[in-house]
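Here's the structure, in structure tokens; my notes come after.
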Amino acid sequence: MAVHIKLIRNNIKSSSSYGKYFAKTVSQGEVTIREIMEEACRNSHLSEGSVIAVVTELEDLLKEKLGEGQTVVLPGIGRFSLRVESIGVDDPKEFNIRRHITRIICGFLPAGRRIAGGHILYNFCEGVKAVWQKGFKP
């Protein structure tokens, strides 16, 4: 497994790293939930209807539990929780939910474990290497 990279130059003049080059991943395309479900059917010998039912129910339950303010933990995948973004006020008595909350977003923290040096190795990244994007090499 590999992620493809290329180098991009930081062109933000106010940045302390202006002019330096950084690695950036290059997408190798997208895969839809439909394609993942079809592959799951082939790999598990479950019927397409069974896989669709499970994925649909998971989506419905995620929405319901998140809407109830719960954090949803899917072992091996990660944690989902809802967060709010808001405008700051000087006095708590001035805060108005309708006016000062700007949006509600879903946060995702991928599952992982701490490794040497205190770094976190995320499950989805384990065993993945970086390679140059085809046709790109400095």
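The values are calculated or read from the model by the stated rules, or taken from the named source; none is laboratory data. Everything numeric in this text was worked out from a predicted model, so none of it was measured. Note that we place each Cβ from the backbone using ideal geometry, even for glycine, and neighbour counts take in every protein chain shown.
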Check: over 30 Å from Pro138 (Cβ atoms), in contact with a His (Cβ under 9 Å, 6 or more places away or on another chain) and either surrounded by fewer than 10 Cβ atoms within 10 Å (Cβ to Cβ) or free of Cβ contacts under 8 Å to residues at least 24 places away in the same chain (or both): does that describe Ser86?
Finding: yes
Go through the residues of the stretch 84-102 one by one and say whether even a single one is modelled with pLDDT of 95 or more, closer than 30 Å to Lys6 by Cβ and either β-branched (Val, Ile, Thr) or under 19 Å from the mean Cα position of the chain (by Cα) (or both).
no
Of all strands (runs of 3 or more DSSP E) fully inside the stretch 65-138, the set with 3 or more residues that are over 24 Å from Ala23 (Cβ atoms) is 72-74, 78-86, 101-110
Scanning the stretch 57-80 residue by residue, those surrounded by 14 or more Cβ atoms within 10 Å (Cβ to Cβ), touching a residue at least 24 places away in the same chain (Cβ under 8 Å) and touching a helix residue (DSSP H, G or I) at 6+ places or on another chain (Cβ under 7 Å) turn out to be Phe80
- Message: Scan the stretch 34-56 and tell me whether some residue there is exposed (fewer than 12 other Cβ atoms within 10 Å of the Cβ), modelled with pLDDT of 95 or more, closer than 26 Å to Gly107 by Cα and not small (Gly, Ala, Ser).
- Response: no
Practice prompt. Might you check whether a residue that is modelled with pLDDT of 95 or more and among the β-branched types (Val, Ile, Thr) occurs anywhere in the stretch 106-121?
Written response: no
